[in-house]
Amino acid sequence: MIENELLAAQSLNVGFNYPKEYLEFIKKPEIIADTSWWLIGTTKGFFKTCYEVTNYEQKSTKLLIPFAKTDQSNMLACFDKEHRVYLVSCEKNTVTNADWDNRFHFKNFNSWLEEVLSGAVC
Amino acid sequence: MFAQETEYWERPNGAAERKAFIDLMDKIDSKVFAPIRATKDSVTGYFERSNTTYMKHCERLGIQPDYTKPLFAAPMLAKVAMSPIPDTLGETVAVTALTAATKPVLFAGKQAIKTGAKLFTKGEAAGAAVVARGGGNAIIKQVNSIEIRFSQSTVSATKVRYDDITGNKFIYTFDEIVNSMKTNGWQGEPINVVKMPDGSLTAIYNTRLLAARKAGIDAKVKIHDYDAAIPKADARNYTAEGKLEPKTWGEAISTRISVQHDKYFQDRIFAEKFPNGSSYDPKLISRRPK
């Protein structure tokens with residue numbers, strides 16, 4: 001049985017709390033079952049891997065909390081502390097020298113979810 | 001005329017001059033004409049072997065050979081296009097002539113012909129050709145795409161790439177990949193394949209393999225042993241929903257196969273009926289199945 005790690009970031013003591021929309025969503029995650037996205041917290045240890053990739057390996061200057069991955073383009077969806085959603089590639093480092101003020105992002109979880117369900121973000 | 005020539009060579013130093021002249025002609029022959037003769041043999045030999053390989057290639061695909069098309073040698077050229085090239089003066093001479101002689105059918109440049117001649121000389125043209133060694137014990141090869149099995153029951157008909165910096169979206173279709181392969185051969189990096197416990201090869205990513213089959217070209221693959229450790233950077237790419245992060249290439253491919261729950265060839269469940277991968281083509285779908 002895989003231990004559920006959907007809220008793993010709360011135990012990191014980095015001053016991050018998950019947004020309400022996400023907390024509601026994880027009660028019915030099957031909504032995205034028809035897309036290429038899945039919640040990384042469903043795979044034991046994978047949140048830790050993704051967290052370390054974005055924040056340590058790719059040396060992000062902004063705290064990023066990964067929560068979903070797409071198998072289509074190996075992209076991670078990550079929250080920042082203001083609950084904006086950024087996309088981060090697993091395959092190449094686009095984070096180290098990121099221009100966060102101008103980098104593309106979704107304004108919140110629901111904006112990201114809406115695009116995912118429409119098939120616009122794969 | 002004959003008498004004059006006889007008299008000329010019978011002068012006191014005529015014999016020495018004659019020998020010097022013959023030596024000079026021998027040197028010219030070895031320096032100039034011998035490479036040309038070798039080139040001619042290489043060219044004719046290359047195309048004789050190409051024809052044989054092409055016929056085997058058609059036989060494998062179950063298609064009728066078509067010699068009316070100038071590009072009939074393309075499958076073989078595509079296969080050798082990405083091979084390493086040992087440089088020697090002799091080969092350079094031969095390659096220059098080969099390139100000129102085969103320009104109408106050559107889309108991969110002179111390196112393809114050069115290496116192709118070398119590969120065919122080794123008798124490797126009809127089988128998998130070792131191209132290079134990848135990281136760890138991985139070997140990069142050109143392999144007949146029909147000989148590699150799939151690890152997925154479906155392949156997306158439309159591929160989407162999303163630029164995480166600009167937010168720009170790039171869409172390309174499976175048919176576009178096939179057409180590109182028909183025109184340009186295999187482009188880009190090799191795909192990762194795993195040598196399964198039963199000895200055969202199974203691909204982790206399936207789209208380009210299926211496209212190579214449809215295009216009738218060989219696939220460029222990086223072959224990993226089943227028990228070989230998988231690098232962290234690859235492991236996270238192959239981590240599947242609800243499964244542990246793979247530690248070996250074998251775990252990565254088995255994980256991928258294990259999440260293929262939908263019905264497949266003759267209504268079989270992929271993961272149950274094809275635990276080592278399947279030789280049957282995956283279904284092309286517009287969206288991921290539930």
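One table, with the values for the structure above:
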{"quantity": "Strands (runs of 3 or more DSSP E) contained in the stretch B:151-201 and holding at least 1 residues in contact with a helix residue (DSSP H, G or I) (Cβ under 6 Å, 6 or more places away or on another chain)", "calculated": "B:154-156, B:191-195"}
{"quantity": "Tally of residues being more than 11 Å from the chain's Cα centre (by Cα) and assigned to a loop (DSSP other than H, G, I, E, B) across the stretch B:202-220", "calculated": "4"}
{"quantity": "Residues satisfying the stated conditions in the stretch B:154-185, i.e. within 14 Å of chain A (Cβ to nearest Cβ), of a type in the set (Ser, Thr, Tyr) and open to solvent by 30 Å² or more (accessible area, probe 1.4 Å)", "calculated": "B:Thr158, B:Thr166, B:Tyr172, B:Thr173"}
{"quantity": "Any strands (runs of 3 or more DSSP E) falling wholly within the stretch A:47-118 and containing at least 1 residues that are away from every other protein chain (no Cβ under 12 Å)", "calculated": "A:65-70, A:75-79"}
{"quantity": "Count of residues meeting criterion [among the charged types (D, E, K, R) and closer than 20 Å to A:Ser89 by Cβ] in the stretch B:243-255", "calculated": "1"}
{"quantity": "Residues that are more than 8 Å from chain A (Cβ to nearest Cβ), in a loop (DSSP other than H, G, I, E, B) and closer than 27 Å to A:Val88 by Cα, drawn from the stretch B:221-242", "calculated": "B:Ile230, B:Pro231, B:Tyr238"}
{"quantity": "Test for B:Asn184: is it in contact (Cβ under 8 Å) with a residue 60 or more places away in the chain and in contact with a strand residue (DSSP E or B) (Cβ under 7 Å, 6 or more places away or on another chain)", "calculated": "no"}
{"quantity": "Residue match in the stretch A:33-41 (condition: more than 7 Å from chain B (Cβ to nearest Cβ) and open to solvent by 10 Å² or more (accessible area, probe 1.4 Å))", "calculated": "no"}
{"quantity": "Subset tally (residues that are among the hydrophobic types (A, V, I, L, M, F, W, C) and open to solvent by 40 Å² or more (accessible area, probe 1.4 Å)) for the stretch B:208-265", "calculated": "5"}
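The values are calculated or read from the model by the stated rules, or taken from the named source; none is laboratory data. Keep in mind that what you see is a predicted model, and the values were worked out from it rather than measured. Reconstructed Cβ throughout: ideal geometry from the backbone, glycine too, with neighbour counts over all protein chains shown. The area values use the complete protein model at the heavy-atom level, side chains included, leaving out ligands, DNA and RNA. Shrake-Rupley method; radii C 1.70, N 1.55, O 1.52, S 1.80 Å.
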